[in-house]
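Worksheet: one structure, shown below.
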Amino acid sequence: MNRWLVPLLGVLVVVTACVSLLAGTVWLQPAQVLTSLLADRLDLSSLIVSEIRMPRVILSVAIGATLGLSGAVLQGLLRNPLADPGLLGVSAGASLGAVIAIYYGIATSFTLATPLMGLLGALGTAVAALLLSRSGGTLSLILAGAAINSIALAGVNLALNLAPNPYAAYEIMTWLMGSLADRSWEHVQLAAPFILSGFVLLALTGRALDALALGDAQAESLGVPVARTRLLALIGTACGVGAATAVAGTVGFVGLLAPHLVRPLVGYEPRRILLPAALVGAILVTLADIATRVLVFGGAPMGLGVFISLIGAPFFLWLVLHVRKRTP
Amino acid sequence: MSDITVSHVTVRRGPQTVLNQVNAQFKSRKLTAVIGPNGAGKSTLLSVATGLLPPASGEIMLGGEKITAIGRKELARRRAFLPQRASADWPISVERVVALGLTPNLPAFGGLPPFLLPEIDRALRECDLLAMRHRPVTALSGGELARTMFARAIVGDPEILIVDEPTAGLDPRHAIDVVRRLRARADAGRTVVMAIHDLDLVLRHADAVVALRDGELFAAGTVAEVMTNATLSALYDVQVRVIPDGETAGIRFLD
């Protein structure tokens, strides 16, 4: 079972990504997708595939993988099964940056203004969390993150509160619900370098996370640089999740849920959770993105983040109860 | 050769001086007990001796080398440290927890190389853990967990083993079992240091004693030199009698 887990999840990622290329308001045939990918034609289906669905699929896979991976890293680092990328204030910081862009109308000046400001917000909060927790340990990092998270969320609410007109408030709300609609190759280009570097930084923490299962003191005595690991995880999360939130809005629960789904399958070892959690995250976000396109209730499209929370929260509850029964 | 020498070590935590100009020596082939009342600085002295806590002043020598001159990884290979109530947070299997003790021996990339597998089997066998190697550590009893953590510490066969209160929370049989294992490590030529509150076990199994009180060195020497009525009574501020009992002796606290 264990040996087949990663290949199996890899195949599932490819399958969901292919389905995502086909699904939507206009359903395509696999043959249409193939010809539009291979031949250089300019008909409607080629345009849909190359300009609309392809960047969307790439973003959903990359964002899901980043959220799953950073969730797995943070849960291992903080030895807390409830840790997720939101805990350190990174996603709230990205939200605040983006909301400021919308609020002050910077968003209308050029296409990437909102995600760029989101990225700045994420990096800003990460630096703040790092400075505040510099001298302390893991607990002070959690507390600093929680405080910064609250401050950023307060800022978001303030913007909603003082919104100059209902349209601005509506735009902010829609953005906060998370979505991959109308994302283009420009968004991919903006997010890709940050998501990739975040991925590398987070993956480097693997072995340290295994030793950290024994606690900070034992890990340190085994030659693991605990402070450096914390730094890698925080900067990796800021880059990866910051970029993900900046282009797609708030997508919760994936970072929390993905590691829990695979943990029992890999013997609970923190390092071996990383890759499967990233793959599960990619599958979850891609599936949810398909669902938001296919399921339309009363004309309004459902937010990606809303859909994931709606499905994810009860499932997570079931998982917690189930896991509690099996493990002491 | 792998004696640890702590000289003139001072440690401050905020305005408080936790250790004040402490000198101590932990010799190889000896089981040294660090004793003293709560808050005397035992755990701090152990952390300093492991090289994990840099002191405000003073220095720590390992053999002929300054401990700060030894690389992080090499130091981790040469000395093992078990903090108080060591445990693991996830339900990882006993075998994998023991394997974590080989972290400093791993190559830069990849998993556990096959030539290290016999080491894990040896540690499991020495600690009577072979039968429960696939059990999750969170499902073990206190004694089994202590054995697992001990196996984790000795799996790389370190020259130096430093253990903080290995008998805390264990029943007498398991406490004796743990100290016997430490004794065996010392007899095998390693430097073994333990902070401990059970003076009977010190009397019976240790070679040397370092006594701390209020962050200062109170007494140091062989068991016979330190474990006397006068020294122990003054150390703990209670009347203590060392009562001969056949070949060994027992400790009695009087009011």
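The numbers here are math on the coordinates, done by the rules we state, and not lab data. Keep in mind it's a predicted model, so treat the numbers as computed, not measured. Reconstructed Cβ throughout: ideal geometry from the backbone, glycine too, with neighbour counts over all protein chains shown.
Computed from label points 7 Å out along Cα-Cβ, the spacing between A:Ala146 and B:Asp214 is 3.9 nm.
On average, how many beta carbons from a partner chain sit within 10 Å of the beta carbon of a residue in A:201-210? Can you show the working numbers first?
On the way: counts 0, 0, 0, 0, 0, 1, 7, 1, 0, 8.
The per-residue average across the peptide is 2.
Mind telling me which of B:Leu45, B:Leu116, B:Leu203 comes out most flexible in a GNM of chain B, alpha-carbon contacts under 10 Å? Greatest mean-square fluctuation among the candidates belongs to B:Leu116. Assuming charge only on the beta carbon of Lys and Arg (+1) and of Asp and Glu (-1), the dipole of region B:62-218 about its Cα centre is about 380 debye to the nearest 20. Can you grab the distance from the C-alpha centre of region B:103-129 to the C-alpha centre of region A:146-205, Å, no decimals? Each part's Cα centre sits 45 Å from the other's.
Listed by chain and number, the aspartates and glutamates whose C-alpha is less than 19 Å from the C-alpha of B:Lys30, apart from same-chain residues fewer than 8 away, are B:Asp3, B:Asp157, B:Glu159, B:Asp164, B:Glu165, B:Asp177, B:Asp187, B:Asp198, B:Asp200, B:Asp207, B:Glu225.
At 222 nm, what value in deg cm²/dmol follows for chain B if DSSP H runs of at least 4 each add -39500 (n - 2.57) and the sum is divided by all its residues, to the nearest 500?
Numbers: 9 runs with 81 residues, N = 255.
Here the helix-only value at 222 nm equals -9000 deg cm²/dmol.
Its relative contact order, with pairs defined as Cα atoms under 8 Å and 6+ residues apart, puts chain A at 29 percent. Distance from the Cα centroid of region A:253-282 to that of region A:81-123 is 26 Å (rounded to whole angstrom). Toward the positive end of the charge dipole of chain B, with +1 on the Cβ of Lys and Arg and -1 on the Cβ of Asp and Glu, the farthest Cα among B:Ile4, B:Ala224, B:Leu112 is that of B:Leu112. Given the options A:Ser70, A:Ser179, A:Ser45, which has the most mean-square fluctuation in a GNM of chain A, springs set between C-alpha atoms less than 10 angstrom apart? Most flexible of the set in this elastic network: A:Ser45.
Quote the relative contact order of region A:189-320 in percent (integer), defining contacts as alpha-carbon pairs under 8 Å separated by 6+ residues.
Values: 121 pairs, mean separation 33.3, N = 132.
Here the relative contact order equals 25 percent.
Computed 3J(HN,Hα) for region A:22-31, one whole-Hz value per residue from the Karplus formula 6.51 cos²θ - 1.76 cosθ + 1.60 where θ = phi - 60°, is 7, 7, x, 4, 9, 7, 10, 8, x, 4, glycine and proline marked x.
The residue among A:Ser50, A:Val61, A:Val33 whose Cα reaches farthest toward the positive pole of the charge dipole of region A:12-89, with charges on the beta-carbon of Lys, Arg, Asp and Glu, is A:Val61.
Taken one residue at a time, the phi angles of region B:203-210 give Karplus couplings (6.51, -1.76, 1.60, θ = phi - 60°) of 4, 7, 10, 7, 9, 10, 10, 10 Hz. Gly and Pro are set to x. Taking all Cα pairs closer than 8 Å and separated by 6 or more residues, the relative contact order of region B:1-108 comes to 26 percent. Against the empirical curve 2.2 N^0.38 Å, the C-alpha radius of gyration of chain B lands at a ratio of 1.02.
What does the average come to when, for each residue of peptide A:217-230, you count the partner chain Cβ atoms lying within 10 Å of its Cβ?
Values: counts 10, 13, 2, 9, 17, 15, 11, 6, 2, 0, 0, 0, 0, 0.
If you average over the peptide's residues, the count of other-chain Cβ atoms is 6.
Using a Gaussian network model of chain B in which every pair of alpha carbons under 10 angstrom is joined by a spring, one finds that among B:Gly64, B:Gly51, B:Gly36 the greatest mean-square fluctuation is at B:Gly64.
Using only the Cα atoms of region B:75-133, build the gyration tensor, take square roots of its eigenvalues as a ≥ b ≥ c, and label the shape rounded, prolate or oblate: rounded if a/c is under 1.5, else prolate if a/b is larger than b/c, else oblate.
On the way: a/c = 1.45, a/b = 1.13, b/c = 1.28.
Rounded, because the longest to shortest axis ratio a/c is under 1.5.
Modelled label positions at A:Tyr167 and A:Ala192, each set 7 Å beyond Cα in the direction of Cβ, lie 3.4 nm from each other.
Residues whose amide H comes within less than 5 Å of that of B:Ala206, counting only those at least five positions distant or on another chain, are absent (H built at 1.01 Å from N in the peptide plane).
Shape verdict for region A:146-242, please, from the Cα gyration tensor: rounded (a/c under 1.5), prolate (a/b greater than b/c) or oblate. Since a/c reaches 1.5 but b/c is at least a/b, the shape of region A:146-242 is classed as oblate.
Go ahead and estimate [θ] at 222 nm for chain A from helices alone: -39,500 (n - 2.57) per DSSP H run with n ≥ 4, summed, over the residue count, rounded to 500.
Working: 15 runs with 240 residues, N = 328.
About -24500 deg cm²/dmol.
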